[in-house]
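The values are calculated or read from the model by the stated rules, or taken from the named source; none is laboratory data. Quick caveat: nothing in here was measured; it's all calculated off a predicted structure. Areas reflect the complete protein model, heavy atoms only, side chains present, ligands, DNA and RNA absent. Shrake-Rupley method; radii C 1.70, N 1.55, O 1.52, S 1.80 Å.
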Amino acid sequence: MGRGRAKAQQRKIARALKYDGGRVDFDQLRHDLRIGDDEERSDRVDREHEDG
């Protein structure tokens with residue numbers, strides 16, 4: 001269950017990329033990629049060091 005919703009979201013993004021005319025919303029991209037979240041990044045780095 002839920003695959004239809006995920007597929008629809010991917011299709012929506014693909015269409016936006018194809019027909020948007022090349023404009024990029026960098027703020028939305030940062031949000032989607034979660035860039036700038038220092039706390040999450042430091043937690044991930046700590047876990048990598050524990051595993052290695």
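Numbers for the structure displayed
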item: The range 20-29, residues that are outside any helix (DSSP H, G or I) and open to solvent by less than 100 Å² (accessible area, probe 1.4 Å); result: ASP20, GLY21, GLY22, VAL24, ASP25
item: Check on LEU17, assigned to a helix (DSSP H, G or I), open to solvent by 100 Å² or more (accessible area, probe 1.4 Å) and modelled with pLDDT under 90; result: yes
